[in-house]
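No lab work stands behind these numbers, since they all come straight from the coordinates. Everything numeric here is computed off the predicted structure, so don't read it as measured data. Note that each Cβ is placed from the backbone with ideal geometry, even for glycine, and that neighbours are counted across all protein chains shown.
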């Protein structure tokens, strides 16, 4: 089963109060799950990776064999695809966890989009900060 995972992390200040959001769609584009959650004080990149990790874990629970990850975080997408190195020591454990989760799928693709194309996940992440 192929799923599409939209992820986003947000923070008010960097670092500051942070939230994550993810939306999972099936192959027809129907929304299977949407989740927003406050994660305490974090940087934007920690929030982005936390959203990715939680979203990938949920895709596994739903039985996905293939996942297309869609994010407006150019840094995260390029790190996950090997185009950028992970230099920040605070990000490295999150990157390693995300890479470990991707190994549980037959295929994982990452796609960078502009923020307006990721509006649903962005709204969940931003809304979680305000709660």
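Residues 8, 26, 122, ranked from the fewest to the most other C-beta atoms within 10 Å, line up as 26, 122, 8. Modelled this way, with points 7 Å down the Cα-to-C-beta line, the labels at residue 65 and residue 84 are 3.3 nm from one another. Hey, for a label at residue 107 modelled as a point 7 Å past Cα toward Cβ, could you say which residues of region 1-37 have their backbone N under 19 Å away? Once the point is set 7 Å along Cα→Cβ of residue 107, 1-6, 25-30 turn out to lie under 19 Å by backbone N, inside region 1-37. In this rough spin-label picture, where each label sits 7 Å from Cα along the Cβ direction, the residue 116-residue 99 distance is 3.6 nm. Summed over qualifying helices (DSSP H, 4 residues or more, each -39500 (n - 2.57)) and divided by its residue number, the chain shows a 222 nm mean residue ellipticity of -11500 deg cm²/dmol.
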